[in-house]
Amino acid sequence: MKRAILAALGLATGLAVPASAEEEIKVGLLLPFSGVYAALGNDIEAGFTTALEQFGADAPATFEIVREDTEVKPPVALGKAKKLILQDKVDVMAGIVSSGVLGAVRDMVHGAGVPLIVANAGNDDATGTACSPYITRMSFSNGQVNRPMGQWMYDQGIRKVYTLAPDYAAGRQMIDGFVQTFTAAGGEIVGQDFTPFQKTQDFGPYMAQAKSSGAEAVFVFYAGGEAISFVKQYDSFGLKAELPLYGSGFLTSPLYVNAQGPAAEGVITALHYVPTIDSPANAKFVAAFQAKTGRIPSEFAVHGYDAGRALVEAVKAGATDRESLANALRQVRFDGPRGALSIDPATNNIVQPIYVYETVAGEGSLTQKVLAQLPAEADPVNGCEMAAPVSN
Ligand code: PHB
């Protein structure tokens with residue numbers, strides 16, 4: 001009877017349900033389906049279900065998904081995590097977009113011993129001082145995507161930079177990563193501002209500060225709705241030509257670059273994935289995602305896809321419950337759309353290449369021109385004392 005219900009649920013969510021499945025894996029998908037990062041949550045979910053369909057058809061298990069909306073609000077997300085863990089009794093959780101939300105649910109997840117596959121939130125602490133054998137990150141860490149850009153911009157001859165980002169954990173950590181390497185190379189930060197998160201509509205006053213700072217370039221992190229308004233305002237303020245705009249690659253994500261329009265052209269950023277990566281694994285992913293959604297996949301889609309694939313691989317390796325899933329997830333490695341991926345056993349953070357890209361006009365829409373591929377870098381352990389792997 002339970003099998004029939006799960007099969008029905010599988011069909012309802014469009015997932016492949018193998019007839020011979022032995023196990024039933026209940027997955028709590030904790031994402032923002034409303035608020036400033038709602039579009040990101042939708043892309044992650046679409047990527048996740050694409051992977052379950054593509055890789056899960058011959059898995060020895062069915063997957064039932066229970067979705068919960070974090071609303072990008074840490075206290076709301078904590079309540080939803082509790083519900084998934086205690087009431088729904090999920091075997092594994094996946095998702096989380098905001099670093100603030102990840103910080104809020106970390107103790108609950110660790111204490112309950114529920115494996116969590118982080119499918120976005122880059123919070124450095126989650127794979128640093130607050131690391132856990134139950135938390136495996138398939139996305140990126142905030143420091144990891146921004147450190148390479150400090151040296152790269154210095155190498156382009158840029159010496160004075162002004163930085164801007166939203167005032168919450170991700171904004172501060174992304175900027176810290178960039179500043180560390182840019183100043184170590186010999187560059188100077190001539191000014192910084194952290195703008196109220198989810199509350200800033202007018203970036204004009206901050207842009208005026210940057211303009212009068214003596215900077216040669218501006219480096220920012222913004223994502224979601226804030227990235228759209230920032231890039232458009234930067235252009236209409238007339239700054240783009242005189243003060244080139246650089247940033248963390250989320251700024252010009254394929255998810256919303258078309259909403260930014262020509263304002264995004266010429267902006268140079270760095271990230272761990274762009275849909276123009278030329279490889280068979282990426283071509284297969286782009287085709288499957290486009291067939292499912294009609295959209296070009298973003299980095300968020302690839303986080304969901306790789307999180308889903310990691311789960312399937314863990315199940316194919318024999319994992320069936322919270323403990324064995326936690327153990328198997330941290331051993332996952334494969335060549336995915338972004339290149340060769342592995343999990344660093346010292347932190348449970350992903351190790352992956354970083355791409356510097358420029359947003360350029362393509363055929364009918366904006367596209368991503370890769371300027372450089374920088375080597376895969378494992379994060380420093382950042383205070384992580386990883387407990388011994390949990391026993392099966
Ligand atoms: C985060 O809060 O960690 C975060 C949010 C959106 C992004 C990247 C990082 O695009």
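Here are the numbers for the structure shown:
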quantity	calculated
Evaluation of residue 145 against (1) within 23 Å of residue 339 (Cα to Cα); (2) β-branched (Val, Ile, Thr); (3) surrounded by fewer than 18 Cβ atoms within 10 Å (Cβ to Cβ) (one fails), failing number	(3)
Of residues in the range 149-171 being outside any loop (DSSP other than H, G, I, E, B) and within 17 Å of the chain's Cα centre (by Cα), the one surrounded by the most Cβ atoms within 10 Å (Cβ to Cβ)	165
Selection within the range 239-256 - within 10 Å of the ligand (Cβ to nearest atom), in a helix (DSSP H, G or I) and either polar (S, T, N, Q) or without any contact (Cβ under 8 Å) to a residue 40 or more places away in the chain (or both)	251
Residue match in the range 195-211 (condition: in contact (Cβ under 8 Å) with a residue 40 or more places away in the chain, more than 16 Å from the ligand (Cβ to nearest atom) and not aliphatic (A, V, I, L, M))	yes
Failed item in (1) free of Cβ contacts under 8 Å to residues at least 60 places away in the same chain; (2) within 17 Å of the chain's Cα centre (by Cα), with residue 304 passing the rest	(1)
Flag if residue 127 is surrounded by 24 or more Cβ atoms within 10 Å (Cβ to Cβ), among the polar types (S, T, N, Q) and in contact with a Cys (Cβ under 7 Å, 6 or more places away or on another chain)	yes
Which listed residue is surrounded by fewer than 24 Cβ atoms within 10 Å (Cβ to Cβ), small (Gly, Ala, Ser) and closer than 18 Å to residue 39 by Cβ, from 317, 259, 241	259
Considering residues of the range 78-103 that are of a type in the set (A, V, I, L, M) and under 17 Å from the mean Cα position of the chain (by Cα) only, the residue nearest to the ligand (Cβ to nearest atom)	97
The range 89-114 residues that are assigned by TED's automatic domain parsing to the domain that holds residue 39 and under 16 Å from residue 69 (Cα atoms), paired with ones that are part of a helix (DSSP H, G or I) and within 10 Å of the ligand (Cβ to nearest atom) (beta carbon under 6 Å, 6 or more apart)	96/102; 97/40; 99/169; 99/170; 100/169; 102/126
The range 27-77 - residue that is within 14 Å of the ligand (Cβ to nearest atom) and among the polar types (S, T, N, Q) and, of those, farthest from residue 315 (Cα to Cα)	70
Among residues of the range 104-114, those that are within 16 Å of the ligand (Cβ to nearest atom) and either part of a strand (DSSP E or B) or more than 30 Å from residue 225 (Cα to Cα) (or both), counted	0
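The values are calculated or read from the model by the stated rules, or taken from the named source; none is laboratory data. Remember, it's a predicted structure, so these values are computed and weren't measured experimentally. Every residue, glycine as well, gets a Cβ built from its backbone with ideal geometry; the counts of neighbours run over all protein chains shown.
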